[in-house]
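Engineer: Sharing a structure, written as structure tokens. Questions coming.
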Amino acid sequence: MEGEEYDYEASLTKCAEHLAGAERVVVFTGAGISAESGIDTFRSGGGLWTGMVGKVVLGIFGTPFGWKWLPQFAWSQYVDKFYNPIKNAVPNDGHKALVELEEMFKGKFCIITQNVDGLHQKAGSDPSNVFEVHGTVKRSICVKNRHVYESFESEELPRTSPICKVDRCGSTLRPDCVLFTESLPMDEWMNSEDGVNRLRQGDVLLIVGTSANVYPAAGLPKLAARRGAHLIDVNLEPTPFKQCQNYNFLGKGAGTSLPALLAKLRGLKPM
């Protein structure tokens, strides 16, 4: 870190001590934790979404306009380039470590995720403790009236967009994810804010795999810091929250740092 000697092991021990002393823990995750399961991030260099073709495809299935203008193309690109890699992905050691952390803080733990892949639940996290502020690929909605389709008969999606049959709607479907220019789902957002507002002095907010640049969700760590919580930043590079009080940095990926953090915590906090 800038201006100081950074000792990963010392920081790991300090973070474990913060967790051991906490009554409540909130975890805030982003694309970085899913990248370790092989899912391309929108911001990574050299990934699927870089270059002219990637940006055009993303501009179509990543915006409400694209789904209305070219619904069949948007659906086929979504299934091939976004949904299928998610369907085939498996949770990594970072996801699994959060399941164990949830067990340690039963009733006083939640995950706020910007990811739409469902890997936290797939790893074993209690779905009622996971707030998906950017929606999920596990549901589809119709483009016209937002009728909800909870799931299809199998995880395999057709390459041709299904037609909404609710009330003879006839509209094509899209994933129930927050597209560019859309607002966050109100219930998920309110649950997320409530989870952070419950933090008190000495509690912990874990920031995992997110650059925390997208608002309003990126404002949650600042809210936690104002409430006196320790911020534990699990990212390859420090986030802007390094300016906050009670900031701690673990500069390795979630699949490395979270299991290491749990290993130290087991010796400090009884199950």
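Engineer: Please specify each residue of region 98-123 satisfying the condition of being modelled with pLDDT of 95 or more and more than 15 Å from the chain's Cα centre (by Cα).
Structural biologist: Hits for region 98-123 are E100, L101, E102, E103, M104, F105, K108, F109.
Engineer: On the given criteria, is K264 in a loop (DSSP other than H, G, I, E, B), of a type outside the set (S, T, Y) and under 23 Å from V99 (Cα atoms)?
Structural biologist: When the stated conditions are applied, K264 does not pass them.
Engineer: While we're here: Restricting attention to region 156-202, and to residues there that are touching a strand residue (DSSP E or B) at 6+ places or on another chain (Cβ under 7 Å) and among the acidic types (D, E), which single residue is farthest from F109 (Cα to Cα)?
Structural biologist: Checking each candidate, the answer is D176.
Engineer: Another question, then. Scan region 187-234 for residues that are more than 17 Å from N129 (Cβ to Cβ) and of a type in the set (D, E) and jot them down.
Structural biologist: Matches in region 187-234: D233 only.
Engineer: Mind checking which residues of region 187-208 are among the hydrophobic types (A, V, I, L, M, F, W, C), part of a helix (DSSP H, G or I) and crowded, with 19+ Cβ neighbours inside 10 Å? Please lay out each step first, then the result.
Structural biologist: From region 187-208, those among the hydrophobic types (A, V, I, L, M, F, W, C) are 189-190, 196, 199, 204-208; that's our starting set.
If we keep only those that are part of a helix (DSSP H, G or I) too, we end up with 189-190, 196.
Passing the criteria: only V196.
Engineer: Now a separate question. Working only within region 131-155, note down all residues that are of a type in the set (G, A, S), in contact with a strand residue (DSSP E or B) (Cβ under 8 Å, 6 or more places away or on another chain) and surrounded by fewer than 18 Cβ atoms within 10 Å (Cβ to Cβ).
Structural biologist: S151
Engineer: On to the next question. Would you confirm whether or not region 6-22 contains a residue that is touching a helix residue (DSSP H, G or I) at 6+ places or on another chain (Cβ under 8 Å), at pLDDT 90 or above, buried (at least 21 other Cβ atoms within 10 Å of the Cβ) and of a type in the set (S, T, N, Q)?
Structural biologist: No - not one qualifying residue is present in region 6-22.
Engineer: Oh, and also: Taking region 76-130, which residues are farther than 23 Å from G253 by Cα and crowded, with 23+ Cβ neighbours inside 10 Å?
Structural biologist: Y78
Engineer: Can you name the condition, by its number, that L223 falls short on among (1) buried (at least 18 other Cβ atoms within 10 Å of the Cβ); (2) at pLDDT 95 or above; (3) in contact with a helix residue (DSSP H, G or I) (Cβ under 6 Å, 6 or more places away or on another chain); (4) farther than 21 Å from Y8 by Cα?
Structural biologist: (1)
Engineer: Sticking with this one: For region 209-259, name all the residues that are touching an Asp or Glu at 6+ places or on another chain (Cβ under 9 Å) and in a helix (DSSP H, G or I).
Structural biologist: Within region 209-259, L220, P221, L223, A224, F241, K242, A254, G255, T256, L258, P259 qualify.
The values are calculated or read from the model by the stated rules, or taken from the named source; none is laboratory data. Owing to the predicted nature of the structure, the values given are computational and were not obtained by experimental measurement. Because the Cβ atoms are built from the backbone with ideal geometry, glycine has one as well, and the counts that use them run over all protein chains shown.
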